[in-house]
Structures are given as C-alpha cells and as structure tokens.
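The block underneath contains the structure these notes are about, expressed in structure tokens.
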Amino acid sequence: MKEILPGIFQWSWFSQEKGMDFNGHLIVEGNERAIIDPPPMSPEDQIQIERLRPIGFILITNRDHIREAETCQKIFRARLLVPEKDAPEIPVRVDGTYKSGDVLPCGLTTIHIPDAKSPGECAFLLNRGKGVLILGDALIGKPPGKLNLLPPDKFADSKKAKEGLKGLLAVSFDAILVGDGVSILTQGKKAVQDFLR
C-alpha cells in the first residue's frame, strides 16, 4: 500500500484473468477513515491499514466491487455502504445505502453514472486540492495514462454507457482514481474529455 496523494492510500491486486490491477483506496480525512472497493490485501497491506485505524466505513461503487468487503467488515469492524440501486444484488450484509448527491464519510460526494454496467454505479468526488474523482467500473485505467470502458459485452448498451459519463465533466477534479487499471494523478479531467471525444 502506498500514499498516492496526501491522505489517500492505494493497494493493488493483480487479476490474471483481466490482465490488470484491481485497486482499493483508503481515504483519511480528519478523524474519519473509509475504504473503497477493497481487493485482496497482502499481509503487509493489512498491517499498514491497521496502523491507520479506526476504519469506520467500507464504500462500494457498484454491485460487482464487493471484492473483500466482507473480510474488511470483520477485520476492521467497519460499516458497509452500497449504492441504493444495487443493494438488492449485494450478496453480503449491508449496513446502509446511498444515492446520488449524498455526502458520505470523509466528505465524499456520490455521483450516479447512468446506463453503466450496473444500475447503481457511482463515482465519489473528494473536494480536496484540485479535486479527486474515484471510479469503480465506469472507466478503467488501461492502457496506463488513458481511460477506457470495459468490453462492450459488459453493458446493455455501450454507447449509452459512454454518454452517461458526460455528467462527470460537470464537476471539478484533477486526479482520477480507478478501481481497475492505472490511476491518473494529474490531468484526470482531460483524460475523461479525451476518452469522450
């Protein structure tokens, strides 16, 4: 696990099947701590996260990013919050739901992404510095330095999915942290604009 931006930590687990890293993020904001979309942790990652306790919340961007949420619930005794629209399909115990526009722990504002891979797909906006946008499956960081959609067969309509991303341009951010692939720490908004062209 490494601190990729002040108070924002990332750890990764390489998926042989997908050929890219799955990333988890830990946000530290004052006395609050939240883990986002946790992939498997190495023993070293777990030790580093333990040092930053207490972890109050685990936030999931979509139904397919449960990953190691249940394990983290047990280890850190954290509350699991999931998108309201995906909650019926979440296979683990959920402590609460959120919807677009809600402000979650660590000051994360939720942004619903329509026509995405799952009905509840959301991004999180952190108004810190020039702004940090955290994505689940809305876009992936592949190849490094660029953003792309998952394969078309993951969407009911990939053209609509791409169109649904235009709402991200309405908010201010510089860094874009992805759940899959390589995050972009500067000029993230330009990377979204380039993808949408």
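To the nearest 20 debye, what charge dipole does the stretch 2-196 have about its Cα centre, counting +1 at the Cβ of each Lys and Arg and -1 at the Cβ of each Asp and Glu?
320
Applying the Karplus parametrisation 6.51 cos²θ - 1.76 cosθ + 1.60 with θ = phi - 60° to the phi angles of the stretch 125-130, what ³J(HN,Hα) value in whole Hz is obtained for each residue in order, glycine and proline being reported as x?
Working through the residues one at a time gives 10, 10, 7, 9, x, 8 Hz.
If you bin every alpha carbon distance in the stretch 1-89 into 10 Å steps from zero, what whole percent lands in each bin?
17, 53, 27, 3
Please state, to two decimals, what the Cα-based radius of gyration of the stretch 28-75 comes to when divided by 2.2 N^0.38 Å (N = residues).
Numbers: Rg = 10.6 Å, N = 48, 2.2 N^0.38 = 9.6 Å.
Taking N as the residue count of the stretch 28-75, the ratio is 1.11.
Over the Cα atoms of the stretch 130-197, Rg to Rh with Kirkwood Rh, two decimal places? Each step should come with its number before you reach the end.
Numbers: Rg = 11.1 Å, Rh = 11.9 Å.
Answer for the stretch 130-197: 0.93.
To one decimal place, what Kirkwood hydrodynamic radius in Å is obtained for the stretch 42-130 from all pairs of distinct Cα atoms?
Across the stretch 42-130, the inverse of the average 1/r is 13.8 Å.
Which of LYS142/LYS162; LYS146/LYS189; LYS99/LYS160; LYS85/LYS142; LYS130/LYS189 have a Cα-Cα distance over 18 Å?
LYS99/LYS160; LYS85/LYS142
Around THR71, what is the net charge, scoring Lys/Arg as +1 and Asp/Glu as -1 over all other residues with Cβ under 14 Å from its Cβ?
For residues surrounding THR71, the net value is -1.
Take ASP157, ASP180 and order them by how many other Cβ atoms sit within 10 Å, fewest up front.
Numbers: ASP157 11, ASP180 23.
Lowest to highest Cβ neighbour count: ASP157, ASP180.
Could you list the residues of the stretch 139-183 with an amide nitrogen less than 16 Å from a label point located 7 Å from the Cα of ILE4 in the Cα-to-C-beta direction?
Those under the cut-off are 139-148, 173-183.
Simple spin-label model, 7 Å along Cα-to-Cβ: LYS162 to ARG77 in nm?
In this crude spin-label approximation the distance works out to 4.9 nm.
For the pair LYS99 and SER15, how long in nm is the line joining their label points, each one 7 Å along Cα→Cβ?
Between LYS99 and SER15, the simple spin-label model gives 2.9 nm.
Give the percent of DSSP beta bridges with both residues in the chain that are antiparallel, rounded to the nearest 5.
DSSP beta bridges in the chain are roughly 70 percent antiparallel.
Percent relative contact order of the chain, based on C-alpha pairs within less than 8 angstrom and at least six residues apart?
15
Please say if the stretch 81-197 is rounded, prolate or oblate, where rounded means a/c under 1.5 for a ≥ b ≥ c the square roots of the C-alpha gyration tensor eigenvalues, and otherwise the choice is prolate for a/b larger than b/c and oblate otherwise? Display every interim value, and only then the final one.
On the way: a/c = 1.78, a/b = 1.18, b/c = 1.51.
Oblate, since a/c reaches 1.5 and b/c is not below a/b.
Just the projected area, averaged over all directions, of the convex hull on the alpha carbon atoms of the chain: how many nm²?
Working: hull surface 40.0 nm².
Taking the Cα atoms of the chain, their convex hull projects to 10.0 nm² on average.
On a C-alpha basis, how far is the centre of the stretch 17-78 from the centre of the stretch 140-158 in Å? Whole number, if you could?
23
Read the figures in this text as sums done on the coordinates, not as results from a lab. Predicted model, so just to flag it, every value in this text is computed and none were measured. With ideal geometry, Cβ positions are generated from the backbone for all residues, glycine too; neighbour counts draw on all protein chains shown.
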